[in-house]
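To start, I am sharing the structure in question, which I have written as structure tokens.
The values are calculated or read from the model by the stated rules, or taken from the named source; none is laboratory data. Just so it is clear, the structure is predicted and the values come from calculations on it, not from any experiment. Heads up, the Cβs are rebuilt from the backbone with ideal geometry, glycines too, and the neighbour counts pull from every protein chain shown.
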Ligand SMILES: C[S@@+](CC[C@H](N)C(=O)[O-])C[C@H]1O[C@@H](n2cnc3c(N)ncnc32)[C@H](O)[C@@H]1O
């Protein structure tokens, strides 16, 4: 879900031979479909335009839901996990990787200045893995099978940002934006910034 231009969907189709519904809000299905055709997985992946709170799918209709780098936009809403779990069959699996921090903003008392300068208030949704574990398990709708911060996740985030800067430049029109992310990640060096990786099985 929230598949963007489809890299994860291509990976899942190729590596696991599964049938994938690639749902995303901003990327037009035609654009994603072209990626799937180029990758030779058109027969396995269907691109769908869908907003995360209004998913056009049936109850219990998926064996697995995978959400990469997007849960930060909506997943922390208390009602979201119960809503999403409704689309998984009993025993089905959920996997999320999303920007996370080594400490809760609430514990820190504020967003660290250098992070706030670049991302504003957004990091209030960059929860620790343990925050997600509790948030999900307390519903008793799922059993969390793993919840951890990605070790050295900031290095992958940095590499990706460097590669993206080389290939596509900046995404905001501000010439220094990607460079500012690179500088921030290098300065932070994993003190606060990484990814939370959480998996669960529907009860
Ligand atoms: C950072 S991209 C990640 C894309 C992809 N998962 C990946 O890892 O390359 C964020 C994606 O989240 C999607 N998104 C953001 N808010 C959404 C929402 N409310 N409902 C559905 N998709 C949403 C956007 O369409 C965008 O493609």
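If we keep just the residues of the range 63-94 that are out of contact with any strand residue (DSSP E or B) (no Cβ under 6 Å at 6 or more places or on another chain) and in a helix (DSSP H, G or I), which is farthest from the ligand (Cβ to nearest atom)?
Once the filter is applied, the top-ranked residue is 82.
Just to be sure I understand the filter: pairs with C-beta atoms under 8 Å, separated by 6 or more residues or on different chains, first member in the range 1-16 and at positive phi, second member more than 10 Å from the ligand (Cβ to nearest atom) and part of a helix (DSSP H, G or I). Which pairs pass?
That search, which allows pairs on different chains as well, returns 6/35; 6/36.
While we're on this one: Only one of (1) within 20 Å of residue 131 (Cα to Cα); (2) surrounded by 14 or more Cβ atoms within 10 Å (Cβ to Cβ); (3) touching a helix residue (DSSP H, G or I) at 6+ places or on another chain (Cβ under 8 Å) fails for residue 70. Which number is that?
Tallying (1) within 20 Å of residue 131 (Cα to Cα); (2) surrounded by 14 or more Cβ atoms within 10 Å (Cβ to Cβ); (3) touching a helix residue (DSSP H, G or I) at 6+ places or on another chain (Cβ under 8 Å), residue 70 fails exactly one: (3).
When you go through (1) within 12 Å of the ligand (Cβ to nearest atom); (2) under 30 Å from residue 188 (Cβ atoms); (3) part of a strand (DSSP E or B) one by one for residue 100, which number turns out not to apply?
(1)
Moving to a separate point now. Could you identify the single residue in 143, 194 that is in contact with a helix residue (DSSP H, G or I) (Cβ under 6 Å, 6 or more places away or on another chain) and part of a strand (DSSP E or B)?
After applying the criteria, what remains is 194.
Restricting to the range 20-49, and then to whatever is loosely packed, with under 13 Cβ neighbours inside 10 Å and outside any helix (DSSP H, G or I), can you tell me which residue is farthest from the ligand (Cβ to nearest atom)?
Once the filter is applied, the top-ranked residue is 43.
Check 106, 112 and return the single one that is more than 19 Å from the chain's Cα centre (by Cα), away from the ligand (no atom under 16 Å from the Cβ) and in contact (Cβ under 8 Å) with a residue 12 or more places away in the chain.
None of the other options fit; the residue is 112.
Kindly provide the set of residues from the range 1-19 that are more than 14 Å from the ligand (Cβ to nearest atom) and touching a helix residue (DSSP H, G or I) at 6+ places or on another chain (Cβ under 7 Å), ordered by number.
Once the filter is applied, which keeps residues that are more than 14 Å from the ligand (Cβ to nearest atom) and touching a helix residue (DSSP H, G or I) at 6+ places or on another chain (Cβ under 7 Å), the range 1-19 yields only 18.
Search the range 19-34 for residues that are at negative phi and pair each with any residue that is assigned to a strand (DSSP E or B) and away from the ligand (no atom under 13 Å from the Cβ) when their beta-carbon atoms are under 7 Å apart and the residues are at least 6 apart or on different chains.
Listed pairs, sorted by first residue: 20/45; 21/46; 22/45; 22/46.
When you scan the range 52-62, how many residues do you find that are under 18 Å from the mean Cα position of the chain (by Cα) and loosely packed, with under 13 Cβ neighbours inside 10 Å?
Adding up the residues that qualify gives 2.
While we're looking at this one, here's another question. Could you give me the residue pairs with C-beta distances under 7 Å whose first residue belongs to the range 74-88 and is touching a residue at least 40 places away in the same chain (Cβ under 8 Å) and under 20 Å from residue 123 (Cα atoms), whose second residue is more than 14 Å from the ligand (Cβ to nearest atom) and assigned to a helix (DSSP H, G or I) wherever it lies, and which are 6+ apart or on separate chains?
81/135; 81/136
If residue 120 satisfies all but one of (1) within 15 Å of the ligand (Cβ to nearest atom); (2) modelled with pLDDT under 95, what's the number of the condition it fails?
Unmet for residue 120, out of (1) within 15 Å of the ligand (Cβ to nearest atom); (2) modelled with pLDDT under 95: (1).
Need the failing condition index for residue 66 against (1) touching a residue at least 40 places away in the same chain (Cβ under 8 Å); (2) on the phi > 0 side of the Ramachandran plot, just the number.
Exception for residue 66: condition (2).
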